[in-house]
1. I'd like to verify a number: residues in segment 38-86 that are of a type in the set (Val, Ile, Thr) and farther than 28 Å from VAL190 by Cβ, how many?
2. Can you tell me how many residues in segment 1-37 are acidic (Asp, Glu) and surrounded by 21 or more Cβ atoms within 10 Å (Cβ to Cβ)?
3. So, in segment 119-140, how many residues would count as being within 16 Å of ALA150 (Cβ to Cβ) and part of a loop (DSSP other than H, G, I, E, B)?
4. Among the residues that make up segment 110-129, is at least one of them surrounded by 19 or more Cβ atoms within 10 Å (Cβ to Cβ) and over 15 Å from the mean Cα position of the chain (by Cα)?
5. Would you call THR177 among the polar types (S, T, N, Q) and modelled with pLDDT under 95?
6. Hand me the list of helices (runs of 4 or more DSSP H) wholly inside segment 1-118 holding 1 or more residues that are modelled with pLDDT of 95 or more, more than 22 Å from VAL151 (Cβ to Cβ) and of a type in the set (Asp, Glu).
7. Would you please list the contacts, defined by Cβ atoms under 6 Å and residues six or more apart or on different chains, that run from a residue in segment 129-145 that is within 14 Å of VAL175 (Cα to Cα) and polar (S, T, N, Q) to a residue that is surrounded by 15 or more Cβ atoms within 10 Å (Cβ to Cβ) and at pLDDT 95 or above?
Amino acid sequence: MTPVALTFDDGPSEWTERILDVLAAHGARATFFVVGSVAERRSDMVSRVAAAGNEVGNHTWSHPHLARDCDDTRVLDELKRTSDLVEEILGVPPRRFRAPYHDVDARVEGVAASIGLEHTRSTVAAPDWHPAAGSAFIATMVLQRVGPGAVIGLHDGFPPDEVDGATRDATVAAVATLVPTLLDRGFECVTASALLGGPGG
């Protein structure tokens, strides 16, 4: 089996549980990059993510553009508050982070490294964040682009300032197609740290 990493941003949410059920049904693992201010209200779901053998990563506290809008102090606060929360819930801090909007540079990575975090980019990303993206489109785009060592980026929630009423149903349905299809093609769905190595592996 050839490993690829499934990753999800912006949770945890009501859709996270359904994604976890799909992963568990196929023996798959993933990394969930949680928004701290959201995870604080759904600590039980953070615990469930980890208990099922998945990895919990850091997606900042409030989902800002880190490189564009945040000085070093704000970058540190955004990342440290979330790492501290994850450690409080799970007993161990996250080792990986993903900058919202992938807005990261050497400065941000340096601040993150000072608290033991390594940035994790996605190499295959379908626009499941777009309201018009249906499940078939999301799954097809990923399957067309995936290859050995791919880091697949999807979303299981929304940033804290997003409007109510939005849904990640299309992502859940896409994952239900993706995971068994990837397995049929000889891919194994693993966490980012299992794929990329490092202290979280």
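1. Matching residues across segment 38-86 total 2.
2. The qualifying residues number 2.
3. The number of residues fulfilling the criteria is 6.
4. yes
5. Considered against the rule, which asks whether it is among the polar types (S, T, N, Q) and modelled with pLDDT under 95, THR177 comes out as no.
6. Hits in segment 1-118: 16-25, 43-51, 66-69, 72-90.
7. Every condition considered, the pairs that remain are SER135/ALA170; SER135/ALA173; SER135/ALA174.
The values are calculated or read from the model by the stated rules, or taken from the named source; none is laboratory data. These numbers come from a predicted model, not from an experiment. All Cβ positions, even for glycine, are placed from backbone atoms using ideal geometry, and neighbour counts span all protein chains on display.
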